[in-house]
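Notes follow the structure.
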Amino acid sequence: MRLLSARLILSLILAITLVSVLSVYYQGRAERRNLSNDLERRAAVLADSLAGNVQPQLSSNSTKKLQQVVDRFSNRERLAGVAVFDDRLQPIVQSSSLAGLMQAESPVLSRAIATKQKQSAFVRIGGARFHIYAEPLEDDQHSAVLVIVHDATYIQAQTAGLWHETFLRVLVQVFLIVLITVVIVRWSIAGPIARASQWLRALRAGNVEHSSATMPDIDLLRPLAQEMSSIAQSLTAARSAAEREAQLRQAAESFWTSERLSVHVRSKLVGSRLFVVSNREPYSHVRSGKSIQCVVPASGLVTALEPILRACDGTWIAHGSGDADQETVDVHDRLAVPPEEPKYTLRRVWLTKEEEDGYYYGFSNEGLWPLCHIAHTRPLFRADDWEHYRTANVKFANALLEEMRDTHEPVVLVQDYHFALLPRLIKKKRPDARVAIFWHIPWPNSESFAICPWQRELLDGLLGADVVGFHIQAHCTNFLQSVDRTLECRIDWEHFAVSREGHRTIVKPFPISVEFPENAPPESDQGSSYLERGALLRELGVEARFVGVGVDRVDYTKGILERFLAIERMLEKRPTYQGKFVFVQIGAPSRTHIKRYHDLLADVEAEAERINWRFQTSNWKPIVFLKRHVSHREILRYYRAADLCVVTSLHDGMNLVAKEFIAARHDEQGVLILSRFTGAARELLDSVLVNPYDIESTADAICYALELGAEERAARMRRLRRLVKENNIYRWAGSLVTELCEVRLDMPQETGNSSRAQSAAQSHSG
Ligand code: ADQ
C-alpha cells in the first residue's frame, strides 16, 4: 500500500512538473519575442524622430550641435546611448555612455552603410545584451549612420523572473497535490482497506459476526467488498457447520432407535402434540375391482416420516388422492393408520381436479421442482397454477388449524415444496405453534431462484416458520442468499437465522436418512446374497454373474438415461462383461400426467430396449427394466443380491436409495456408485463418486466397482454402514424436533433491517 502511494505521488509530481515546465517554456519564448519586438519598434520610432534633428546638424557640419542633440536623447529609459558614424564607420558623435562600448566594425553598421537600409540586431557586448538599431543618413555631401543602442538585459531578467515564479508555483502545487492525494488515499482507500483487513482478521479469529451491519463500508472498492462478503459468508458458514458437526459428533455417543426417538420426542413435546403436513399420504386407498386396496406409495418422504409418526402418536395431514380415500375416512375425514396396527391419525384433505392439476402437477412439479433441481428442464410458471397453489395451501392450513384447535403450543412439521406458504398462514393464526418446514429437494443458487415470478411470496411464506430445514449446508446457504437478495431482513450468518418483522427463522441442515435395522434380518428373510441373486435372476429369466441395481421414481432428475448409456459404454469398452453383467432398473412411473414425465417413461423404456437389442443373447440381456412400484421388502431382495447399486441423479436433495442400499448390506458387500450431485454424496465418501453427465467415466466407475477387491469393498461398506447407522432417520427426526422445541416463542422482537437487503429488495422490486 505504501509502495502504491509512493508511486502514485511520484507520478503526480513528474506529471505536474513536466506540464508546468513545458507551459512556462512556451510562455517564456512568447514573452521574450514580445519584449524584443517592442524594443525594436521603440528603437525605430526613436531613430525616426532623431533622424529629423540629426540630419540638419550633419548637413551643416555642426559637430557640437550634433553632440548636443545626441546627449539630449541619450537619457531615455533603457537607452544605452546614441551615436552617429560616418561612412568609414568612424564615430562623428556619440553619447558618453557608449564610449568604449560601441565597436565601429559592428556588422550591423557595416550592413546599414552597405545596403543603405535600416538594420537592427541584438548583440552581446561584454557579457551584456544590447539592441542596436542603425539608420543610414544621406545628403549631398555626407553619408552617415545614426545608431540607437538599447540595453536589452531587462528582457532576460524578465524571462528569468518568469521561470523563478513558475518554479515556486510548481513547488506549491506539488506540495498541495501530494498533500491532497495522501489525504484521499488514506481516507478513501488505505483507511477502508485497513478496516476491511482488521474486520477479516477479527472474523477469522471468530471475534465478530458476519453481517452487513458489522462489515466495514468500503464503498469505493465495491466489487472487492462483494467478494469479501461472500468469502466471509462462506467462512462463517463453514465454521458454524464444523462447530455443529463437532457438536453432533459429541452427541452421537449413542445409537438412535425408534424407542429413543419416541421417548425423546415425548419429553420435548411436554404434553403438546405433533402434526405433520405433507402432500402425499402415507396410506392411500384405491379401488381394485370390487375391493379396496391400501397402498403405500413410493416416496422418500414417506420412507422418512413413517417411523416418526409411528414413534409418537400424532396427526398426519395429507391430500386424499386415492380413488377410494373418501370411503375409508370418518365424518371428520380422519382414519387411524397403519391399518393393520393403528398408531397415529391420518387426516385427509380433498382437492378438486383443477386444484390438484394447478397446485400439484402445475406449480409444484412443473414450476418449483425443475426450478430447484439444476437438471436442465425449464420450469413453467402459470398464473392459474399459482392461484391453485395458494388455494391449496390455504385449504391445508385450515385443516391443520382445525386439527390443532385443542392443542396448546402444537409442534408442526410441514413437509416439502408443496407448502411454502403454509408456515406463514399457520403462524398468523396460531403464534403459539412451533412450525418447521423441511424442504426435501435442493435450493438452487439465488440467481436461478430469482426467475420465479412469485419468489417474494414463497420466501415470505417460508419465513413464517421458526425452522427451515434442508438436507445440506449448501442448500441453506443458497436459501439465505435468495432471502438476502429478495427481502428486507437481517441475516445472521453465524447462526443461520433470518430476522424479519420481529420474527426469527433458523435455517439449518438436517441430512435425512433411513431406518437402520440394528440386527441382521432373520435368516428366513435374509438368504445369502448369492442364493438371493440366483432366485431373483431366475424370476427375471436371465443368467448373469454380476448384478447391478437402480431404484428410482422415473424422473428426469434421477439420470436414468445417463445410467443406461454408461452401462452400454461399459459393455462396449469391456466386452468381457457381455453375457455376464445384468442391470436391474426398478422404476416407479411418477407424475405421468405431466408430458415431460410421460415422455421420459417412454424414452427410458425405448433406451433399455435399444441397448438390449444391441447386446442380448437367448438367455441374457444387459438391462432388465421393471416399470412398476415394488414393495420395500422386494426392493430389499434386490439391494442384497446386487454387486453394485447405481445412483446417477443429475441433482438430488439427498437420495434415500443410496442409504437404503447401505443399510440393507449386512454382509458388508456391494459397492455404491453415487452421483456427486446428490446430497448423500457429501456424507457417503466411501462410495464411488461419479459425474453422471460424464458417460465415459461412469462406465469406468462401473468396471472399477465390479473389480474392486473383496477387502476394499468390505472396508468401504463397513465405513458407510457405520455412518448411516449413526445418522439414521431417527436422528434426523430427533434433531429436527429438538431444534423446533428449543425455539423460544417469546423471543424479543428484532426490528433492525439490513440496509444491503433493503437496497436489494428495492432493486428487485424495481
Ligand atoms: P425422491 O425424489 O422420491 O425423494 P429418493 O430419496 O431417492 O427420492 O427416495 C425414493 C424412495 O422411493 C426410496 O425410499 C425408494 O426405495 C422408493 N422407491 C423408488 N422407486 C421405487 C419403486 N419402483 N418401487 C417402490 N419404491 C420405490 C425426495 C427428494 C430426495 C430426498 C427424499 C427424502 O427428491 O432427494 O432424499 O425426498 O427427503
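The values are calculated or read from the model by the stated rules, or taken from the named source; none is laboratory data. Remember, predicted model here, so these are calculated numbers, not experimental data. We place every Cβ from the backbone using ideal geometry, glycine too, and count neighbours over all the protein chains shown.
Assorted remarks:
- Single unsatisfied condition, D686 versus (1) more than 19 Å from Y638 (Cβ to Cβ); (2) within 8 Å of the ligand (Cβ to nearest atom); (3) acidic (D, E): (2)
- Qualifying residue in segment 552-563 (condition: away from the ligand (no atom under 16 Å from the Cβ) and of a type outside the set (A, V, I, L, M, F, W, C)): no
- Residue count, segment 533-551 (criterion: within 16 Å of the ligand (Cβ to nearest atom), out of contact with any Lys or Arg (no Cβ under 8 Å at 6 or more places or on another chain) and not in a helix (DSSP H, G or I)): 3
- Residue within segment 442-454 that is of a type outside the set (S, T, Y), modelled with pLDDT of 95 or more, more than 16 Å from the ligand (Cβ to nearest atom) and under 27 Å from E402 (Cβ atoms) present: yes
- Number of positions in segment 462-509 that are within 16 Å of the ligand (Cβ to nearest atom), part of a loop (DSSP other than H, G, I, E, B) and surrounded by fewer than 24 Cβ atoms within 10 Å (Cβ to Cβ): 1
- Screening the candidates D48, D87, D71 for the property of being more than 60 Å from the chain's Cα centre (by Cα), within 17 Å of H142 (Cβ to Cβ) and among the acidic types (D, E) yields one hit, D87.
- Checking each residue of segment 370-378 against the condition of being assigned to a helix (DSSP H, G or I) and of a type in the set (A, V, I, L, M, F, W, C) gives at least one match.
- Subset of segment 410-432 [more than 28 Å from D652 (Cβ to Cβ), free of Cβ contacts under 8 Å to residues at least 60 places away in the same chain and surrounded by 24 or more Cβ atoms within 10 Å (Cβ to Cβ)]: I426
- Complete set of residues in segment 350-369 that are surrounded by fewer than 20 Cβ atoms within 10 Å (Cβ to Cβ) and either without any contact (Cβ under 8 Å) to a residue 60 or more places away in the chain or not aromatic (F, W, Y) (or both): W350, T352, K353, E354, E355, E356, D357
- Scanning segment 608-630 for residues that are at pLDDT 95 or above and within 12 Å of the ligand (Cβ to nearest atom) gives F625, L626, K627.
- Taken over segment 636-651, the criterion of being more than 9 Å from the ligand (Cβ to nearest atom), in contact with a strand residue (DSSP E or B) (Cβ under 6 Å, 6 or more places away or on another chain) and not in a helix (DSSP H, G or I) is satisfied by A642, D643, L644, C645, V646, T648.
- Of the helices (runs of 4 or more DSSP H) that lie entirely inside segment 652-752, those containing 3 or more residues that are of a type in the set (S, T, Y) span 695-707, 729-741.
- 1 or more residues out of contact with any Cys (no Cβ under 6 Å at 6 or more places or on another chain), within 16 Å of the ligand (Cβ to nearest atom) and closer than 21 Å to L400 by Cα: qualifying strands (runs of 3 or more DSSP E) within segment 258-367: 274-277, 284-288, 314-319
- Which numbered condition I695 misses (of (1) under 27 Å from E634 (Cα atoms); (2) away from the ligand (no atom under 16 Å from the Cβ); (3) among the hydrophobic types (A, V, I, L, M, F, W, C); (4) more than 26 Å from the chain's Cα centre (by Cα)): (1)
- Listed by first and then second residue, the pairs linking a residue in segment 596-611 that is without any contact (Cβ under 8 Å) to a residue 24 or more places away in the chain to a residue that is aromatic (F, W, Y), with Cβ atoms under 8 Å apart and 6 or more places separating them unless they lie on different chains, are E605/F625.
- R633 assigned to a helix (DSSP H, G or I), within 15 Å of the ligand (Cβ to nearest atom), surrounded by 24 or more Cβ atoms within 10 Å (Cβ to Cβ) and of a type outside the set (A, V, I, L, M, F, W, C): no
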